[in-house]
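Participant: To start, I am sharing the structure in question, which I have written as structure tokens.
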Amino acid sequence: MMKKLLFLLTLIIIISKVAYGQSVHDLGTDSAHFQIPDIPGYYTLKCDFHMHTVFSDGVVWPHIRVDEAIGEGLDAISITDHVEYHRKEVEDNHMVPYEIAKKHAEDKDLILILGGEISASRDHFNALFLKNTDEPALRDTLPAKRIAAANKQEAFVFWNHPGWTAKYKDGNCPRNEEFIELMKAGQIKGIEVCNGDGYWEGAHDLVQEFDLTLIGNSDIHGVSAYQYQPDKHRTITLVFAREKTVEGVREALLNHRTAIYQGDHLIGPEDLLKPLFFESLDIETEYREGTSLARMTITNNSDFDFMCENKSLFKFYNGIHFFTIKAHAKTTIIVKTLEQLSGFSLDLLVHNVLVAPGKSMELAITVEDL
Ligand SMILES: [Zn+2]
Ligand SMILES: [Zn+2]
């Protein structure tokens, strides 16, 4: 009798979960590789523009940076060893890490960008697309002169970890007037809004105010597998490029077509992240026969969990107004449209997609031809 009761109780729990919970079915994935869709008109390149090797203060040989990037499904990297600091055990030529990596990446599907970190003071800058990282002018005593030397090589310069506590004890990105002048002059074109786990709202403000390119990097010194596997990922910049080449990356950076993927959130402009949201999902909707309940099945083929809040007039039959469209899973929500309609719109606030400082993305899923 007791066994029968227990069995019945379990059955009721299972049935009620299926009937009333926002159901999620895991589709399984290759978790080692980034799985992020392209958007109309652009390739979505997964990039990390800030990392170190044994040639400065990192602990791995350049080969490893190339292999890690390919193993994680990155499209482009820049090895950015400190241009003024060289470990004494290795050759004193700042071009060497790039040359080693280039040779190793030769027949592999990876874009390698020559770069360096200008870091003689506590304010650091990365210069991408340099022609020569061994140029002495990059090591001048004044930050502005070092930045000018990088620009002379037609580099793309961005401000690194701008709220680093080694200099800014409150952990905030300051409004540094000297750097703001360089932003206005086009000498600093981007800023790391995210570096590793760090996010700086002040940097995000500067992006909006001075039309900078938003950058997010790992700044990895150690071994990626130890730091991120199995269930984390490094912070990366998504570059929306017309072509998968060094020039394609440069063109996109110059035109601010980037977003950041850090932890479980995305940061970037709405005109890029909205298409990324929709390209990540397949949405199918149909009415349950004889009811005004519209069953919406959302298949998410991307790595992103979208944490949503229902802001529309229509409520859900299964669950409350908060729900997550889980990565690599099918999520079902049942919308009470009160009568059978030929189409409707579901207004959502996507909490973990930040389109401006403190502002989450709003959008509408529009269903037609029901
Ligand atoms: Zn640094
Ligand atoms: Zn660094």
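The values are calculated or read from the model by the stated rules, or taken from the named source; none is laboratory data. No experiment lies behind these values; they were computed from the predicted model shown. Here the Cβ is made from the backbone with ideal geometry for all residues, glycine too, and neighbour counts use every protein chain on show.
Participant: Does F156 satisfy the criteria of being at positive phi and either within 16 Å of ligand 1 (Cβ to nearest atom) or not hydroxyl-bearing (S, T, Y) (or both)?
Facilitator: no
Participant: State all residues of the range 50-103 that are in contact with a Gly (Cβ under 6 Å, 6 or more places away or on another chain) and among the hydrophobic types (A, V, I, L, M, F, W, C); if no residue qualifies, say none.
Facilitator: V59, V83
Participant: When you scan the range 227-243, do you find a residue that is within 19 Å of S78 (Cα to Cα), charged (D, E, K, R), surrounded by fewer than 14 Cβ atoms within 10 Å (Cβ to Cβ) and touching a strand residue (DSSP E or B) at 6+ places or on another chain (Cβ under 8 Å), even just one?
Facilitator: Yes: one or more hits.
Participant: Does Y287 satisfy the condition of being over 18 Å from K326 (Cβ atoms) and at pLDDT below 95?
Facilitator: Working: over 18 Å from K326 (Cβ atoms): yes; at pLDDT below 95: no.
No: the conditions fail for Y287.
Participant: What's the total number of residues in the range 230-279 that are in a strand (DSSP E or B), of a type in the set (A, V, I, L, M) and closer than 18 Å to L349 by Cα?
Facilitator: 2
Participant: For residues in the range 333-359 being among the polar types (S, T, N, Q) and closer than 24 Å to T285 by Cα, which is surrounded by the fewest Cβ atoms within 10 Å (Cβ to Cβ)?
Facilitator: Initially, the range 333-359 is screened for residues among the polar types (S, T, N, Q), giving 337, 340, 342, 345, 352.
Imposing the further condition that a residue be closer than 24 Å to T285 by Cα reduces the set to 337, 340, 342, 345.
On the way: T337: 20, Q340: 13, S342: 8, S345: 14.
So, considering only residues that are among the polar types (S, T, N, Q) and closer than 24 Å to T285 by Cα, the one surrounded by the fewest Cβ atoms within 10 Å (Cβ to Cβ) is S342.
Participant: Every residue in the range 284-293 that is under 33 Å from the mean Cα position of the chain (by Cα) and surrounded by 16 or more Cβ atoms within 10 Å (Cβ to Cβ), please.
Facilitator: Of everything in the range 284-293, just one residue is under 33 Å from the mean Cα position of the chain (by Cα) and surrounded by 16 or more Cβ atoms within 10 Å (Cβ to Cβ), namely T285.
Participant: Please tell me if L142 is exposed (fewer than 13 other Cβ atoms within 10 Å of the Cβ), among the aliphatic types (A, V, I, L, M) and more than 14 Å from ligand 2 (Cβ to nearest atom).
Facilitator: yes
Participant: Which of the residues that make up the range 95-126 are over 24 Å from the mean Cα position of the chain (by Cα), surrounded by 15 or more Cβ atoms within 10 Å (Cβ to Cβ) and either within 14 Å of ligand 2 (Cβ to nearest atom) or of a type in the set (V, I, T) (or both)?
Facilitator: V96, P97, I100, S119, A120
Participant: Ok, one more. Mind counting the residues in the range 60-86 that are in a loop (DSSP other than H, G, I, E, B), more than 22 Å from F240 (Cβ to Cβ) and within 16 Å of ligand 1 (Cβ to nearest atom)?
Facilitator: So the answer is 5.
Participant: Continuing with this model, one more query. I'd like the full set of residues that are among the basic types (K, R) and more than 15 Å from the chain's Cα centre (by Cα), limited to the range 238-278.
Facilitator: If the condition is that a residue be among the basic types (K, R) and more than 15 Å from the chain's Cα centre (by Cα), then R242, K244, R250 are the ones that fit.
Participant: Can you confirm whether V90 is under 24 Å from E192 (Cα atoms) and either in a loop (DSSP other than H, G, I, E, B) or under 24 Å from the mean Cα position of the chain (by Cα) (or both)?
Facilitator: No.
Participant: Could you grab me the full set of residues in the range 221-237 that are under 15 Å from I260 (Cβ atoms) and either more than 16 Å from ligand 2 (Cβ to nearest atom) or of a type in the set (F, W, Y) (or both)? Full working, then the answer.
Facilitator: Just the residues of the range 221-237 that are under 15 Å from I260 (Cβ atoms), to begin with: 233-237.
Of everything in the range 221-237, just one residue is under 15 Å from I260 (Cβ atoms) and either more than 16 Å from ligand 2 (Cβ to nearest atom) or of a type in the set (F, W, Y) (or both), namely H233.
Participant: Let me ask another. Consider L130 carefully, then state whether it is part of a loop (DSSP other than H, G, I, E, B) and within 16 Å of ligand 2 (Cβ to nearest atom). Walk me through it before giving the result.
Facilitator: On the way: part of a loop (DSSP other than H, G, I, E, B): yes; within 16 Å of ligand 2 (Cβ to nearest atom): yes.
Yes; evaluated as a whole, the condition is true for this residue.
Participant: Step by step: first the residues of the range 113-136, then only those that are acidic (D, E) and under 15 Å from I188 (Cβ atoms), then the one that is nearest to ligand 1 (Cβ to nearest atom). Which residue is that?
Facilitator: Initial filter on the range 113-136 (acidic (D, E)): 117, 123, 134-135.
Those left that are additionally under 15 Å from I188 (Cβ atoms): 117, 123.
Numbers: E117: 6, D123: 9 Å.
Per the criteria, the residue is E117.
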